[in-house]
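Comments concern the structure below.
No lab work stands behind these numbers, since they all come straight from the coordinates. Everything numeric here is computed off the predicted structure, so don't read it as measured data. Note that each Cβ is placed from the backbone with ideal geometry, even for glycine, and that neighbours are counted across all protein chains shown.
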Amino acid sequence: KSTQGRLESFFGPV
Amino acid sequence: MFEARLTQGVLLRKLLDSMKDLVQDANFDCSSTGFALQAMDSSHVSLIHMQLRSDGFDHFRCDRNLSMGVSLNNMAKILKCMGNDDVLTMKAEDQGDSVTFMFESANQERISDFELKLMDIDSEQLGIPDTDYSATVKMPSAEFARICKDLSTIGDTVLIAVTKDGVRFSTTGDIGSANVTVRSHSNVDKPEEQVVIDMQEPVALTFALRYLNSFAKATPLSNQVMISMSKELPVVVQYRIEDMGHISYYLAPKIED
């Protein structure tokens, strides 16, 4: 089973 | 005052068509460097980063930085009213609440202008670090679009695995499974058909095909697509727009539980 990652887990705010 | 003239107006229509299914409302950022957009889809799984440099326009004037919030769907509808060979000019006042699109036919016999109301949009901007990716694949954009479409008939996700032998796209679903392997090859006469794999180390990541199929809407913008991957990082799918800039899509990977 796999879950969809979200971009905030990889990239921080500006 | 913002004013930008593009002889190949159809380019902006193709751009809107490659974004509107992923993002509803977004801010176009106008500055002296150019015309840009960064926006995430509503589920924050994918991100679009589009940039057209000011020197790629036939005329570009931007007195002060301007953020134009628009419904991408409505802007796309307006751009559908432009002829394929029309010259496009965008105009907006610094404190205005609308943007005007002027279409001029190639023979100057028909001139039309459409005004689109601007919206206030709170957009979350993410900082995307410069990354040396483990593997970068350049391949024909139409081939990438076909693979994503074909694999969608079998499954919902694709495993993209880059090795020195090539790049393998794999999926499985209720009715069966499918694999497509593309090998690197050069073509001096037709550089748009070549496949170039630049690999520092093998990498394999799983992505939702639904998003990749949305990214492939940018296929008419470029003959080639560049796919960059590193372990546990979002993939970048980039289409270069000749002499102007690029549209890049970022997609977070599926994470094994």
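Looking across the range B:210-257, just one residue is surrounded by fewer than 20 Cβ atoms within 10 Å (Cβ to Cβ), part of a helix (DSSP H, G or I) and within 14 Å of chain A (Cβ to nearest Cβ), and that is B:210.
Residue B:101 meets the conditions (1) surrounded by 15 or more Cβ atoms within 10 Å (Cβ to Cβ); (2) touching a Ser or Thr at 6+ places or on another chain (Cβ under 7 Å); (3) farther than 30 Å from residue A:12 by Cβ in every case but one. The failed one is (2).
Residues checked against (1) free of Cβ contacts under 8 Å to residues at least 40 places away in the same chain; (2) not hydrophobic (A, V, I, L, M, F, W, C):
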site: B:139; (1), (2): no, no
site: B:142; (1), (2): no, no
site: B:159; (1), (2): no, no
site: B:168; (1), (2): yes, yes
site: B:179; (1), (2): yes, yes
site: B:182; (1), (2): no, no
site: B:186; (1), (2): yes, yes
site: B:190; (1), (2): yes, yes
site: B:194; (1), (2): no, yes
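For the range B:107-114, the criterion of being in a strand (DSSP E or B) and surrounded by 13 or more Cβ atoms within 10 Å (Cβ to Cβ) is met by at least one residue.
Where strands (runs of 3 or more DSSP E) sit wholly within the range B:1-62, those with at least 1 residues that are touching an Asp or Glu at 6+ places or on another chain (Cβ under 7 Å) and touching a residue at least 24 places away in the same chain (Cβ under 8 Å) occupy B:2-6, B:34-40, B:59-62.
Taking the options B:77, B:91, name whichever one is free of Cβ contacts under 8 Å to residues at least 24 places away in the same chain, farther than 28 Å from residue B:233 by Cβ and of a type in the set (D, E, K, R). Exactly one of B:77, B:91 is free of Cβ contacts under 8 Å to residues at least 24 places away in the same chain, farther than 28 Å from residue B:233 by Cβ and of a type in the set (D, E, K, R), namely B:77. Within the range B:132-154, the only residue that satisfies the criterion of being of a type in the set (Phe, Trp, Tyr) and either touching a Lys or Arg at 6+ places or on another chain (Cβ under 6 Å) or more than 14 Å from chain A (Cβ to nearest Cβ) (or both) is B:144. Sub-9 Å Cβ pairs linking a first residue in the range B:119-131 that is within 7 Å of another protein chain (Cβ to nearest Cβ) to a second residue that is β-branched (Val, Ile, Thr), at least 6 apart or interchain, are B:125/A:14; B:126/A:14; B:127/A:14; B:128/B:236, ordered by first then second residue. Restricting attention to the range B:35-61, which residues are crowded, with 20+ Cβ neighbours inside 10 Å and in contact with a helix residue (DSSP H, G or I) (Cβ under 7 Å, 6 or more places away or on another chain)? Correct list: B:40, B:45, B:46, B:47, B:50, B:60.
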